[in-house]
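For reference, the structure is listed below as structure tokens.
Quick note: the coordinates plus some simple rules give every number you see, no bench work behind them. Keep in mind that this is a model prediction, so the values were computed, not measured. Cβ sites come from the backbone with ideal geometry, for glycine too, and all protein chains shown count toward neighbours.
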Amino acid sequence: MKRRSLLAGALATPAVLAVPSPASASSSAFSSPDQTSGYVSTHGGSGRFALAGAPVLVSESDFPGVVRVAEDLRSDLHKVTGSDISDGNPPIILGTIGRSPLIDKIIARGKLDVSGILGKWETTIEQIVENPLPGVRRAFVIAGSDQRGTIYGAYDLSRNIGISPWYFWDDVPAAQHDNLYVLPGRHTQGTPAVKYRGFFINDENPATGTWAPSFFGPGKAPGYPGGLNADYFAKVFETMLRLKANYLWPAVWGRAFAEDDPLNHATATRYGVVMGTSHEAPMMRGIEEWNRHPAGTREWSFRRNADAIKAYWQFGAERMRDENIEGVITLGMRGNGDVSLPDGDGIDLMSSIIDSQRTILQNTGLVGRPQVQTLYKEVQRYWDKGYRPPDDVTVVFCDDNWGNLRKLPDPSLPARSGGYGIYYHFDYVGDGRNYKWADTVNLTNTWEQLHLAYRSGVDRLWAVNVGDLKNEELPLQFFLDYAWNPSAWPVGRLGEWTRAFAAENFGAALAPAIAEVLEEYGQLQSRRKPELLNRRITVDPAKDPATDSSAIVYDDQATPFSLTDYDEIDRVTEEWLALASRADRLRARVPAAWQDAFYQLVYYALKDTAIVYDLRRAEFTNIWYASQGRAATNALADRAEELFAEDQAMSDYYNNTLAGGKWHNWQLQPKIGYGNVARYGPNAPWQQPELNNVALPDEIYPYLQRISLPSEPALGVFASLPVLSPWQSLPAQHIEVYNKGTTPFRYTISSGAPWLRVTPSAGTVRDQVRPVITVDWRHAPLGVTEVPVTITGAGTTTVVPVSVSRSALKPAGFLEANGYVAIEADHYRRKTGSWLLLPGIGKTGNGLVSLDGTGRLDYPVTLTSSGPVTITAYLSPRNNTRPTDGLKYAISVDGATPQVVNVTTATGANDTTMNRQWARNTSDNINRTTTTHTVAAPGKHTVTFWAVDPTVIVQRLVVDTGGVKYSYLGPPESRKA
């Protein structure tokens, strides 16, 4: 065959690695999934290389991962073009410098300059080469500096021709083209900025743990659980490499990567993936291996059982050596079950543990392999108390499990040869509550923390917990893209990145609309995890949360959103429903072949979250109405049950119909029944309920209420009215007139002032009506006036006092109304210093961060009151990552001495034990601190926010002059004159 003769001819002469004169490889990295704007075009032209039917040549002496990826590339080309390989076509030549005789001979003939990538980590050059080998007229050459460099080059070509990295996990099809053409020039993706980049498959039950055994079959080792076998991990490894990841922590709960399938490690080697183990699994052995074997019957205590534990670790090291596993070795030790050590946290103990592990590595010849110590939760104390692992060990800092880094390198310390890494979370099991169901990541928030880490010198290893892998596709791809090249994605290009993600999976035409929906989804979802929609967290005003943990009050039978003020629960629910309607309309435009992918990557989580919000609104309103005996109570219970059925129907479609039933029993993750201690026991406030498919109403918690109503009508009135003002930004205010019986009645409403109207002023109440209050401000008197509004119906009369305030002050800046002034941080009048805008990071808008910890933001306000006022700063819930006494900002009014606030010590949020105040801040996704100021007189004033520390992110300020009511988001932003 022609193909064989090409390969034979190339190998006939021994390859000599001769490097031509130095020249830098140009960087033409793929930056958009549009196939006409990368290095692949749908149109032919002078000097272009036709891909349809091109043979893919690879030397069998190359790395196994390169030989294997060549077959994927052949398959990908066929998927897109439909063309069979023709040996008469110019070939694609794929290989690794110094390992492939094909590539080395091309270099030796002076046909390919690789000086720009030679010796670099995971770097590739792609180039059309004329006469690269004897008998070969031209070829498209993909040459890697090492095994993964070559693999990434092959998969980069696959992405350029339209193969999504998510083709398997989300059923993304490829657009068809008769032919595609590589553009002339030298192309490269560059060298990754972070050396080891990967993720942790953790918290994989019930989704992966239920789905994988039926899809991939049982494990290959007798007596061990099935599902996460070599076939499963092959799909994981392939996806990693298509995303340019190189590093994996496998699942740990009840699973042992090395034992569940003896082929797992060999499969990792065949794919060219670097294996690791999580923070609680030292020496390349998951804790499940200890639990399964006789040694596991003895105590997991280094103080009391050191010999058995060292023998256990010795086996892991020997297995790594004997099976030639490429891996990063975790050092240190935590308690069995991902908890703190039972032996205490003395530095002498940790020193003994790591000294013993290093001795084992020395004796097995592995001491030169990369090693890490991960400072997870209480392990950070060792570092804080002065312990330092050997200099060549990578120190991995962690976030607080909610996306906020806890510590970064102290710039005053000398550089470590092992460098630094981070362990981050997109998924978590633990306090304040598990969040495992859906992607809840705000990309701006993630960008800010990754950017902070990278510019702080953390570039050796990045790992992120993604739960099941599937369901976290967008944030994971961003995490890996950013790790590869942080400079390519400044915060101002995040929208462009999301559009590229959408285009890669759904095409350029739909990409802008899909990206807009995904961006709004991320912003709304990050306000609060769906699992926390039945927990309100408040502070007991009589206690100090910094010193008394009981000051933080959890209520798992209350909504965090206000049912009564600022129309909050309606506003947030309607935002979700409006977004879901946009997704519905967008779904109708998606071609049939892409419908399954759209359901998985966009529609399901978005639509179902909107359903859950609507369900929670109906549920908590039902419970509130029941306490008042309202006639509308039972209809809301019916509505909540209908919405629960819609939620279950979406999961049923996912589990049984989507992609022809491929994802059978994937969507089993509970999200609604959290907090039910009576049903699920003492861990119910944070741990997931075991089932999500029991009979109603048990799974809607707190439980729905149904009441018996008399037939006789009875008048009920509810009003939660602020002091009305012409300056208010609140929506129209209303009074609720409701029935407490089953028989409708007539009502009338009269106002005590002709310039205050209530519409409609008469009508019939079946369940309830909401007459709206309006004020004719041209005739309302100056000052504060109280107007009686009289409601009559069903033989009863109720009077509601309505306070109206009209100021004679000339408005300027943000205007006080309803007893407050609320200001979004980026709506300042003046600023000094260097501030970075963080778009969409806030719960209600954007955020600002000082780049150097200096500067100020001035906000002009007009206050109608005087005396003491409080100012609450709404800050992103960051921890202090530096060796200082806390995160600080300062605030002042009218040039007074600024009050300095230590954010972390004021609330106790930076306590490394991760206390209840920390749980409140992370669950609420905000850190609120309040200062008190004195305003001398009504009129114009200036509120100034002062930067003190560079990692404080301010989202909004609220000046409370006595009227702020409880709400989750805080009052709506004030009007500005």
- Note on the structure: Per residue, the convex hull enclosing the Cα atoms of region 273-333 spans a volume in Å³ of 79 Å³
- How long is the gain from Arg766 to Glu299 if the chain were fully straight, where each residue apart is worth 0.36 nm and the alpha carbon distance is subtracted? 161.3 nm
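Given only helices, namely DSSP H runs of n ≥ 4 each adding -39500 (n - 2.57), what is the per-residue ellipticity at 222 nm of the chain, to the nearest 500 deg cm²/dmol?
Details: 23 runs with 276 residues, N = 977.
Theoretical 222 nm ellipticity from helices: -9000 deg cm²/dmol.
How long are the three semi-axes of the equivalent ellipsoid of region 421-478, in whole Å, if each is the root of 5 times an eigenvalue of the C-alpha gyration tensor, listed from largest down?
Numbers: eigenvalues 86, 30, 24 Å².
Rounded to whole Å, the semi-axes are 21, 12, 11.
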- Task: Between Asp652 and Ala592, with labels modelled 7 Å along Cα→Cβ, what's the label distance in nm to one decimal, could you check?
- Result: 2.5 nm
- Task: Mind putting a number on the dipole of region 601-731 about its Cα centre? Charges go on the C-beta only, +1 for Lys and Arg and -1 for Asp and Glu, and I need it in Debye to the nearest 20.
- Result: 260 debye
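Which value, in debye to the nearest 20, gives the size of the charge dipole of region 96-179 about its Cα centre, when Lys and Arg are +1 and Asp and Glu are -1 at the Cβ?
On the way: 9 positive and 10 negative charges, 94 e Å.
Charge dipole, region 96-179, about its Cα centre: 460 debye, nearest 20.
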- Message: Quick check: the distance between the Cα centres of region 250-320 and region 418-454, to the nearest angstrom?
- Response: 26 Å
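Please report, in cubic angstrom per residue, the volume enclosed by the convex hull of the alpha-carbon atoms of region 703-840.
Numbers: hull volume 21.6 nm³, N = 138.
Cα-based convex hull of region 703-840, divided per residue, equals 157 Å³.
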- Where does region 808-895 land on Rg/Rh, using Cα atoms and the Kirkwood Rh? 0.99
- Message: Using a Debye calculation, one point per C-alpha and no hydration shell, please list log10 I(q)/I(0) for region 530-680 at q = 0.09, 0.18 Å⁻¹ in order.
- Response: -0.38, -1.15
- Message: Taking θ = phi - 60°, what integer Hz values does the Karplus form 6.51 cos²θ - 1.76 cosθ + 1.60 yield along region 125-130, in sequence order, with x for Gly and Pro?
- Response: 10, 10, 7, 6, 10, 8
- Quickly work out the Thr832-to-Arg757 label distance, labels modelled 7 Å from Cα along the C-beta direction, and quote it in nm with one decimal. 5.1 nm
- Query: Tell me, what ³J(HN,Hα) does each residue in region 63-74 have, in order and in whole Hz, if you take phi through Karplus 6.51 cos²θ - 1.76 cosθ + 1.60 with θ = phi - 60° and put x for Gly and Pro?
  - Reply: 4, x, x, 6, 4, 5, 5, 4, 5, 4, 5, 4
- Any chance you could list P(r) for region 827-977, counting all Cα-Cα pairs in 5 angstrom bins from zero, rounded to whole %? 2, 9, 19, 23, 22, 15, 8, 3, 1, 0
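Taking 0.36 nm per residue of sequence separation and subtracting the Cα-Cα distance, how much length would be gained by fully extending the chain between Lys235 and Asp355, in nm to one decimal? Write out the running numbers ahead of the final one.
Details: separation 120, 0.36 × 120 = 43.20 nm, distance 3.72 nm.
Between Lys235 and Asp355, full extension yields 39.5 nm more.
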- Taking one equal scatterer on every alpha-carbon of region 188-296, how large is log10 of I(q)/I(0) by Debye at q = 0.10, 0.13, 0.17, 0.22 1/Å? -0.29, -0.48, -0.80, -1.28
- Local net charge near Gly675, Cβ-Cβ under 10 Å (Lys/Arg +1, Asp/Glu -1): 0
- Mind checking which lysines have their C-alpha under 30 Å from Lys543, skipping anything on the same chain fewer than 8 residues away? Lys377, Lys407, Lys529, Lys843, Lys888, Lys965
- Derived scalar couplings ³J(HN,Hα) [region 470-480; Karplus, 6.51 cos²θ - 1.76 cosθ + 1.60; whole Hz; x for Gly, Pro]: 5, 4, 10, 5, 5, x, 5, 4, 5, 3, 6
- Message: As an exercise, use a Förster radius of 30 Å and the Cβ-Cβ distance of Leu413 and Ala193 to find the FRET efficiency, rounded to the nearest 0.05.
- Response: 0.90
- Rounded to the nearest 10, the angle in degrees between the Cα long axis of helix 604-628 and the longest principal axis of the Cα atoms of the chain comes to 30 degrees
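Note the direction-averaged projected area, equal to a quarter of the hull surface, for the Cα convex hull of the chain, in nm².
Over every viewing direction, the Cα hull of the chain projects on average to 43.6 nm².
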- Nitroxide proxy distance, nm - points 7 Å out along Cα→Cβ at Trp253 and Lys543: 3.0 nm
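Could you tell me the relative contact order of the chain? Use alpha-carbon pairs under 8 Å, at least six residues apart, and round to a whole percent. Mind dumping the intermediate values first?
Numbers: 2134 pairs, mean separation 85.1, N = 977.
With pairs under 8 Å counted, the relative contact order is 9 percent.
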- Extension length gain for Ser340 and Ser487 (0.36 nm per residue less Cα distance), in nm, is 49.1 nm
- Query: Just how far, in whole angstrom, is region 764-834 from region 601-620 if you go by their alpha carbon centroids?
  - Reply: 32 Å
- Note on the structure: Scoring only Lys, Arg, Asp and Glu (+1, +1, -1, -1) among other residues with Cβ under 14 Å from the Cβ of Leu112 yields +1
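Quick one: pull the percentage of alpha-carbon pairs in region 728-806 with a separation above 22 Å. Please report the intermediate quantities before stating the final value.
Values: 817 of 3081 pairs.
For region 728-806, the share of Cα pairs beyond 22 Å comes to 27 percent.
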- Task: Can you tell me the FRET efficiency between Ser750 and Ala659 if r is taken as the Cβ-Cβ distance and R0 is 51 Å, rounded to the nearest 0.05?
- Result: 0.25
- Note on the structure: The answer for Met284, listing residues at least 5 apart or on another chain whose modeled amide H is closer than 5 Å to its amide H, is Thr330
- Task: Can you grab the distance from the C-alpha centre of region 912-977 to the C-alpha centre of region 349-370, Å, no decimals?
- Result: 49 Å
- Task: With only Lys, Arg, Asp and Glu charged, each at its Cβ (+1 for the first two, -1 for the last two), find how big the charge dipole of the chain is about the Cα centre; round to the nearest 20 debye.
- Result: 1640 debye
- Item | Partners for Lys79 among lysines (Cα-Cα distance below 28 Å; same-chain residues under 8 apart left out) | Lys2, Lys235, Lys244, Lys470, Lys662
- Angle between the Cα long axis of helix 494-506 and the longest principal axis of the chain, 0 to 90 degrees, nearest 10? 70 degrees
- Item | Taking region 728-806 and dividing mean pair separation by its residue count, relative contact order in percent (alpha carbons under 8 Å, at least six apart) | 31 percent
- Largest first and to the nearest Å, give the Cα extent of region 125-228 along each principal axis. 56, 35, 28
